[in-house]
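Below is one structure, written out as structure tokens; the observations come after it.
The values are calculated or read from the model by the stated rules, or taken from the named source; none is laboratory data. Everything quoted here is computed from the prediction, not taken from an experiment. Here Cβ is always computed from backbone atoms with ideal geometry, including for glycine, and neighbour counts include all displayed protein chains.
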């Protein structure tokens, strides 16, 4: 089974690296201390605190592995200069009800719609890809059909 391409902006890569460093150092030490304290509190058989600590350690190591894989496999997003919307583009759009929005198209890992970071895999992100200024884009979203006019592309 092929894994889908993973894309990261420079900011996304820095965020993932910072999170990985935090988990490897601070969080690992916290979990190790939690595990040691739980072990010291008595018999490890039927010890709920010890089981919790072991489970937390497994979750932590899993998250560290996920971030390591993300960073190893991610392709960088370079700002395009073609005039078409692509990954990394910052797009100003206007809706049919005259509301303006500014979106940056990013990979799925970095997506945060409330902050204007749209995944290129989302319905709106997919629909905007390849379009140019003044294009009208009709998108079917879970909230209904949306119509966007592209005002600018940075």
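For the stretch 117-136, the tally of residues that are in a helix (DSSP H, G or I) and touching a strand residue (DSSP E or B) at 6+ places or on another chain (Cβ under 7 Å) stands at 5. Counting just the residues of the stretch 100-116 that are touching a strand residue (DSSP E or B) at 6+ places or on another chain (Cβ under 8 Å) and part of a strand (DSSP E or B), which one comes out farthest from residue 152 (Cα to Cα)? Among residues in the stretch 100-116 that are touching a strand residue (DSSP E or B) at 6+ places or on another chain (Cβ under 8 Å) and part of a strand (DSSP E or B), the one farthest from residue 152 (Cα to Cα) is 106.
For the residues 124, 91, the requirement of being out of contact with any helix residue (DSSP H, G or I) (no Cβ under 7 Å at 6 or more places or on another chain) and surrounded by 15 or more Cβ atoms within 10 Å (Cβ to Cβ) singles out 124.
So, of the residues in the stretch 84-99 that are over 24 Å from the mean Cα position of the chain (by Cα) and either at pLDDT 95 or above or part of a loop (DSSP other than H, G, I, E, B) (or both), which turns out to be nearest to residue 138 (Cα to Cα)? Only one residue fits best here, namely 96.
Got a sec? Which of 60, 35, 17 is part of a helix (DSSP H, G or I) and in contact (Cβ under 8 Å) with a residue 40 or more places away in the chain? Talk me through it step by step, then tell me what you get.
On the way: 60 fails: in contact (Cβ under 8 Å) with a residue 40 or more places away in the chain; 35 fails: in contact (Cβ under 8 Å) with a residue 40 or more places away in the chain.
Only one candidate passes the filter, namely 17.
Restricting attention to the stretch 9-26, does a residue exist that is over 30 Å from residue 105 (Cβ atoms), surrounded by 11 or more Cβ atoms within 10 Å (Cβ to Cβ) and not assigned by TED's automatic domain parsing to the domain that holds residue 104? Yes.
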